[in-house]
Structures are given as C-alpha cells and as structure tokens.
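K.L.:
Below is one structure. I have some questions about it.
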Amino acid sequence: MISKMKKSPLFFEMSDSDIENCLKCSRSEIVSYEKDELIFRQHDVPKKLLVLLEGAVVVGNDSSSGKRSIVATLDQPGELFGEVFLFLNKQEYDHYAQAVVPAQILQIPKDFLYHPCGENCGYHTKLISNMLSILAQKAYYLNRKLQIVSCATLRQKIAKVLLQNSSPDGRVTLSMNREELADFMNTARPSLSRELMKMQEDGIIKIEKRKIQIVDFDALQNH
C-alpha cells in the first residue's frame, strides 16, 4: 500500500520510512468499503483526512427535494477527498461520499494535521507542508475557474481557458476532453464545439484534432 500512498501529493518527496512513521504516529488506519457503502454522509462531522488507495468513490449531495447531484468521481490511487471540510469552521460535510466499487481508504486523524508533534519530526512537518500546498493549489484552481465562469459570454470563457493553458508559442495543453471542458464551463458540448469552430473561422485559433493553436493572441485577449 505504501507504493499507492506515494502517488498522493500528500506524501510528496517522502520516503517509505517517512510515510510509515507518519501512519504509526498519527494512528491512521486503512478501512475497506463495499460497493455502494457510504464513507461519510451529509451532515457527518469531519474527523479524518481521506485518501483513496483502491477502488473508486463518488462525491455528491442531495437537495432538499431529494435530487442527487454528483460533485466528483475519484478513481486514481492517492486522491484526497473531503479535505477542505477539515479546515473550515463548518462542523459537518455538505456532501456524501460513496464507494462505487469495493474501495480501500486511508484515514488520517484530523488532529495530526494541525500541528507538529512534540518530537518535531521532519516527516510530520513535511506532511503538514504538503497539505498546505494541496489546499493552496485547490484555492488557485477555484480562483481560475471563478474567473472563467464569471465571463459574460461563452467565447469569453473559451478565450480565458485557452490563455490560461497556452505556452508562449500559442500551443494549448488541456487536461480535459471536450465533454469535460464543456462541463467545466457550464455549457453544452455542441455549443462549445460550435463556438470553437467560429473562432477558427475568425482566424483566432486553429484546431487540429484534439490540439488547439492560438493564431491571434491580441484578438483572444480582447474578448
């Protein structure tokens, strides 16, 4: 399991012995869940940091009318979930987490993340530093997304995404496919595809299969 834990940004640049010492010192445990079993419910009190080791987990919430909405699906070893709630003043989860298939979850007690132990262990300090980095990256990501969704038009949203993910020579590298990009912009995939084609017709970008090249930076920045 240590090899799977090392895939998590939580254990970035930590040795096997560092990770083992953290787990022992924090009294962490690996908990197994069956398919469809709830890992935590809405309104449960957050007490542990959760790291996916095996399987897949869906995070969602229920509206007052009973409608279920999926917030995220996790299926990569090392992914964290529910971590933001550990550091908020809120006393309960807004979401639920459920195993999609049999899953194993590393659970690290909340208190271990708040301050180094009395021994001032280097591995403990590193774990806290990694946790702060994860939260900072998540805040940065959400800020970038806010800039995008606050745009008035779909073309402005696309322009913002392309500029945020472009290299100096205009090549755009996106981690999302077209469907995921449409969801990210809160629009329909056909609408996104039509607008991209219009931007190509206007000479602003060039599309080659899944690759996008910015042709006119000035035009894109003026949207």
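The values are calculated or read from the model by the stated rules, or taken from the named source; none is laboratory data. Bear in mind the structure is a predicted one, so any value in this text is a computation, not a measurement. Glycine gets a Cβ as well: all are built from the backbone with ideal geometry, and neighbour counts include every protein chain shown. Only protein heavy atoms, including side chains, enter the accessible area calculation; ligands, DNA and RNA are left aside. Shrake-Rupley method; radii C 1.70, N 1.55, O 1.52, S 1.80 Å.
K.L.:
Considering only segment 69-96, state which residues are surrounded by fewer than 18 Cβ atoms within 10 Å (Cβ to Cβ), of a type outside the set (D, E, K, R), free of Cβ contacts under 8 Å to residues at least 60 places away in the same chain and in a loop (DSSP other than H, G, I, E, B).
P.N.:
PHE87, LEU88, ASN89, GLN91, listed by residue number.
K.L.:
Out of all the residues in segment 184-197, which are out of contact with any strand residue (DSSP E or B) (no Cβ under 8 Å at 6 or more places or on another chain) and free of Cβ contacts under 8 Å to residues at least 40 places away in the same chain?
P.N.:
PHE184, MET185, ASN186, THR187, ALA188, ARG189, PRO190, SER191, LEU192, SER193, ARG194 - these are the residues of segment 184-197 that are out of contact with any strand residue (DSSP E or B) (no Cβ under 8 Å at 6 or more places or on another chain) and free of Cβ contacts under 8 Å to residues at least 40 places away in the same chain.
K.L.:
Need pairs with beta-carbon distance below 7 Å; first residue over 15 Å from LEU163 (Cβ atoms) and within segment 206-218, second open to solvent by less than 100 Å² (accessible area, probe 1.4 Å); sequence gap 6+ or separate chains.
P.N.:
Here the result reads LYS206/GLN200; LYS206/GLN213; LYS206/VAL215; ILE207/LEU196; ILE207/GLN200, each pair linking segment 206-218 to a residue that is open to solvent by less than 100 Å² (accessible area, probe 1.4 Å).
K.L.:
For PRO102, indicate whether it is open to solvent by 60 Å² or more (accessible area, probe 1.4 Å) and touching a Ser or Thr at 6+ places or on another chain (Cβ under 8 Å).
P.N.:
Judged against the criteria, PRO102 is a match.
K.L.:
So which residues in segment 125-183 are charged (D, E, K, R) and either open to solvent by 60 Å² or more (accessible area, probe 1.4 Å) or touching a strand residue (DSSP E or B) at 6+ places or on another chain (Cβ under 6 Å) (or both)?
P.N.:
Within segment 125-183, LYS138, LYS145, LYS160, ASP169, ARG171, ARG178, GLU179, GLU180, ASP183 meet the criteria.
K.L.:
Scan segment 192-218 residue by residue and report those that are assigned to a helix (DSSP H, G or I) and open to solvent by 20 Å² or more (accessible area, probe 1.4 Å).
P.N.:
Answer for segment 192-218, where residues must be assigned to a helix (DSSP H, G or I) and open to solvent by 20 Å² or more (accessible area, probe 1.4 Å): SER193, ARG194, GLU195, MET197, LYS198, GLN200, GLU201, PHE217, ASP218.
K.L.:
Restricting to segment 111-124, what's the tally of residues that are open to solvent by 60 Å² or more (accessible area, probe 1.4 Å) and either on the phi > 0 side of the Ramachandran plot or part of a helix (DSSP H, G or I) (or both)?
P.N.:
The number of residues fulfilling the criteria is 2.
K.L.:
Right, next: Just the residues that are open to solvent by less than 80 Å² (accessible area, probe 1.4 Å), in contact (Cβ under 8 Å) with a residue 24 or more places away in the chain and not hydroxyl-bearing (Ser, Thr, Tyr), please, taken from segment 3-22.
P.N.:
Result: LYS4, MET5, PRO9, LEU10, PHE11, MET14, ASP18, ILE19, ASN21, CYS22.
K.L.:
Taking segment 24-68 as the search range and keeping residues that are in a helix (DSSP H, G or I) and in contact (Cβ under 8 Å) with a residue 60 or more places away in the chain, which one is surrounded by the most Cβ atoms within 10 Å (Cβ to Cβ)?
P.N.:
Looking at residues that are in a helix (DSSP H, G or I) and in contact (Cβ under 8 Å) with a residue 60 or more places away in the chain, I get SER26.
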